[in-house]
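The values are calculated or read from the model by the stated rules, or taken from the named source; none is laboratory data. This is a predicted model, so every value here is computed, not measured. For neighbour counting, all protein chains shown are included, and Cβ atoms are generated from backbone atoms with ideal geometry for every residue, glycine included. To get the accessible areas, we keep the full protein, side chains included, count just its heavy atoms, and leave off ligands, DNA and RNA. Shrake-Rupley method; radii C 1.70, N 1.55, O 1.52, S 1.80 Å.
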Amino acid sequence: MMQIQYKSTRGAGKTVNASQAILKGLADDGGLFVPDSFPKIDKNLTELSRMNYKEIVFEVLKKFFTDFTEEELLFCINSAYDEKFDTEEFAPVIEKDGKYFMELFHGPTIAFKDMALSILPYLMITASKKNNNKNDIVILTATSGDTGKAALAGFADVVHTKIIVFYPKGGVSRIQELQMVTEQGKNTCVIGVNGNFDDCQSEVKRLFNDPALRELSGKSNYRFSSANSINIGRLFPQTAYYVWAYSRLVNAGAVKAGEKINFVVPTGNFGNILAGYYAKQMGLPINKFICASNDNKVLFDFFKTGTYDKNRPFYLTSSPSMDILISSNLERFVYYLAGEDEGKICGLMSELKEKGKYSISSDEMLKAEDFVPGFATEDECAEGIKKLYDKSGYVIDTHTGVANSVYDRYKKETGDNTPSVIVSTASPYKFARAVIRAIKPEFDFENDFDFIDELRSVSDTCEPEAIRKIRNAEIIHKKTCEISEMESEVKNFLGI
Ligand SMILES: *Cc1c(COP(=O)(O)O)cnc(C)c1O
């Protein structure tokens with residue numbers, strides 16, 4: 001079998017195997033790890049259409065993580081995808097109003113990050129063992145909301161790991177905060193910081209690179225690691241659900257094996273949609289990737305003009321997980337557009353750092369022709385949620401709502417009738433306030449749980465376990481700190 005090695009998009013340093021890339025997260029030169037070739041799926045599409053979710057994850061991961069044994073991969077897959085999810089399908093694909101919705105929100109925190117963060121801890125401890133790392137892994141994260149809880153749920157009580165999450169006090173929604181501060185895992189630590197998300201993020205980055213802290217923690221057998229979306233241990237588990245969605249459409253007779261389909265992806269950091277790009281490189285018949293942004297449409301402008309420019313106003317929207325001006329995973333895609341020219345990527349990324357923007361040529365942009373950008377304003381997103389609900393009774397969240405509106409417009413403007421899958425990244429229960437305000441603008445209450453009750457009634461669905469759990473849960477993590485105290489909080493928690 002073909003062995004895949006990983007190299008940095010910025011070219012320095014030697015190649016590493018998958019388990020080393022998972023442990024490292026980021027390459028030493030600051031670049032992102034990319035596979036040295038694109039593996040192809042072994043099975044034909046008809047065979048895939050008879051497989052269950054976990055079997056498909058195995059088919060995909062064995063092609064990328066070639067230094068893992070079959071046994072190791074199965075251990076990771078079986079530990080990740082279990083009763084933590086509320087459906088045996090893991091990611092149901094549902095037809096509504098002539099579109100397909102792939103629901104990626106049936107995991108413990110009811111958002112799509114569960115799909116990858118439930119397997120990452122097992123990939124990490126396995127990688128750690130394979131590389132004779134004797135230290136326990138300490139995950140250090142700053143979160144603006146969704147990633148924090150998904151990482152906590154993934155790492156909670158996983159042996160030989162600990163996790164510390166910092167969030168901006170007052171900078172996340174009440175529901176998101178409750179989800180985090182009620183986390184019961186014995187190896188978890190959650191702290192509200194008096195500062196904004198960028199402050200938390202910068203301090204976490206500084207702690208990662210602080211040689212004194214690294215030495216001190218190493219002496220106590222700890223090794224810091226990161227759970228952010230640039231890790232290949234998060235990227236490739238996401239490739240699997242693109243293959244899964246396709247296999248479901250074949251299974252349902254909606255497409256013939258080999259016929260192309262579109263994916264519509266609500267995009268922030270460009271991790272999710274990039275995972276789909278890898279699925280296409282593996283041989284999955286995909287026509288277009290419709291890249292949907294909210295008002296923070298830096299990606300829309302990039303695909304239209306070839307210039308990535310983060311110097312612009314930042315908008316807080318009702319789809320906060322897409323409120324991003326630096327899409328870190330885009331570096332991998334630009335690497336392919338630039339003909340895998342590492343020197344060029346180094347140049348572009350230092351321009352991004354210094355001037356906040358870079359451009360690539362129109363010739364290079366030709367390679368991005370599979371990507372169709374779109375964006376939806378707050379009003380368009382809300383109108384689309386209401387229209388879909390009025391037609392079908394189906395309720396989607398605001399991130400999925402952005403994708404839904406972008407797709408409707410795309411279809412109207414192009415007349416493209418290719419079967420299309422909208423990637424549904426969160427449960428409407430997670431963003432109940434904005435969703436209910438879209439469907440029933442007259443509804444107005446103070447308490448988030450009033451909106452949740454209303455959502456249950458309009459959608460005629462059951463409240464997910466993740467919501468039920470936080471209604472009366474004990475608050476376990478009560479600590480707050482200043483930015484300058486984050487380091488001592490880390491030391492304190494680790495007892496170093
Ligand atoms: C993180 C997130 C996104 C954006 O995904 P990227 O991989 O960052 O592009 C979209 N929707 C929801 C609900 C998310 O949590």
Got at least one residue in the stretch 362-381 being within 16 Å of the ligand (Cβ to nearest atom), surrounded by 14 or more Cβ atoms within 10 Å (Cβ to Cβ), assigned to a loop (DSSP other than H, G, I, E, B) and charged (D, E, K, R)?
no
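Conditions tested, residue by residue: (1) part of a loop (DSSP other than H, G, I, E, B); (2) away from the ligand (no atom under 14 Å from the Cβ); (3) of a type outside the set (Phe, Trp, Tyr); (4) touching a strand residue (DSSP E or B) at 6+ places or on another chain (Cβ under 8 Å).
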{"residue": "77", "(1), (2), (3), (4)": "no, yes, yes, no"}
{"residue": "89", "(1), (2), (3), (4)": "yes, yes, yes, no"}
{"residue": "105", "(1), (2), (3), (4)": "yes, no, no, yes"}
{"residue": "121", "(1), (2), (3), (4)": "no, yes, yes, yes"}
{"residue": "132", "(1), (2), (3), (4)": "yes, yes, yes, no"}
{"residue": "148", "(1), (2), (3), (4)": "no, no, yes, yes"}
{"residue": "153", "(1), (2), (3), (4)": "no, no, yes, no"}
Single match in 408, 397, 390 (criterion: modelled with pLDDT of 95 or more, charged (D, E, K, R) and open to solvent by less than 30 Å² (accessible area, probe 1.4 Å))
397
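Would you check if residue 171 is of a type outside the set (Val, Ile, Thr) and in a helix (DSSP H, G or I)? Spell out how you get there, then give the answer.
Details: of a type outside the set (Val, Ile, Thr): yes; in a helix (DSSP H, G or I): no.
It is false that residue 171 is of a type outside the set (Val, Ile, Thr) and in a helix (DSSP H, G or I).
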From the residues in the stretch 179-231 that are within 16 Å of the ligand (Cβ to nearest atom) and among the hydrophobic types (A, V, I, L, M, F, W, C), which one is surrounded by the fewest Cβ atoms within 10 Å (Cβ to Cβ)?
197
So, restricting to helices (runs of 4 or more DSSP H) that lie completely within the stretch 420-490, which ones have at least 2 residues that are farther than 20 Å from residue 165 by Cα and among the aromatic types (Phe, Trp, Tyr)?
448-459
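Considering the stretch 452-470 alone, what residues qualify as being open to solvent by 70 Å² or more (accessible area, probe 1.4 Å) and not hydrophobic (A, V, I, L, M, F, W, C)?
Just the residues of the stretch 452-470 that are open to solvent by 70 Å² or more (accessible area, probe 1.4 Å), to begin with: 456-457, 460, 462, 465, 468-469.
Once the filter is applied, which keeps residues that are open to solvent by 70 Å² or more (accessible area, probe 1.4 Å) and not hydrophobic (A, V, I, L, M, F, W, C), the stretch 452-470 yields 456, 457, 460, 465, 468, 469.
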Considering the stretch 434-475 alone, what residues qualify as being free of Cβ contacts under 8 Å to residues at least 40 places away in the same chain and either within 16 Å of the ligand (Cβ to nearest atom) or among the hydroxyl-bearing types (Ser, Thr, Tyr) (or both)?
457
The residue that is farthest from residue 479 (Cα to Cα), considering only those in the stretch 164-178 that are open to solvent by 70 Å² or more (accessible area, probe 1.4 Å) and among the charged types (D, E, K, R), is 174
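Go through 61, 74, 48, 23 for me and flag whichever is open to solvent by less than 40 Å² (accessible area, probe 1.4 Å) and touching a Lys or Arg at 6+ places or on another chain (Cβ under 9 Å).
On the way: 61 fails: touching a Lys or Arg at 6+ places or on another chain (Cβ under 9 Å); 74 fails: open to solvent by less than 40 Å² (accessible area, probe 1.4 Å); 48 fails: touching a Lys or Arg at 6+ places or on another chain (Cβ under 9 Å).
The conditions single out 23.
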Over the stretch 239-254, the set of residues surrounded by fewer than 24 Cβ atoms within 10 Å (Cβ to Cβ) and either near the ligand (Cβ under 10 Å from one of its atoms) or among the polar types (S, T, N, Q) (or both) is 251
Among the residues of the stretch 26-45, which ones are open to solvent by less than 30 Å² (accessible area, probe 1.4 Å), closer than 22 Å to residue 205 by Cα, touching a residue at least 24 places away in the same chain (Cβ under 8 Å) and not in a strand (DSSP E or B)?
30, 31, 32
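Give, as residue ranges, the helices (runs of 4 or more DSSP H) completely inside the stretch 175-268 that count at least 1 residues that are closer than 27 Å to residue 295 by Cα. Full working, then the answer.
Values: elements: 197-208, 211-219, 232-251.
So the answer is 197-208, 232-251.
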Return the residues of the stretch 479-495 that are open to solvent by less than 60 Å² (accessible area, probe 1.4 Å) and in contact with a strand residue (DSSP E or B) (Cβ under 7 Å, 6 or more places away or on another chain); say none if nothing qualifies.
481, 483, 486, 489, 490, 494
Among the residues of the stretch 255-301, how many are more than 14 Å from the ligand (Cβ to nearest atom) and closer than 16 Å to residue 377 by Cα?
2
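Considering 437, 471, 456, which residue is under 28 Å from residue 107 (Cα atoms), of a type in the set (Lys, Arg) and modelled with pLDDT under 95? Steps first, please.
Working: 437 fails: modelled with pLDDT under 95; 456 fails: modelled with pLDDT under 95.
Just a single option satisfies the conditions, and that option is 471.
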Only one of (1) buried (at least 24 other Cβ atoms within 10 Å of the Cβ); (2) away from the ligand (no atom under 16 Å from the Cβ) fails for residue 307. Which number is that?
(1)
Which pairs do you get when a residue that is at positive phi, found in the stretch 249-270, comes within reach of a residue that is within 16 Å of the ligand (Cβ to nearest atom) and of a type in the set (S, T, N, Q), reach meaning Cβ atoms under 7 angstrom, with the pair 6+ apart or on two chains?
270/327; 270/329
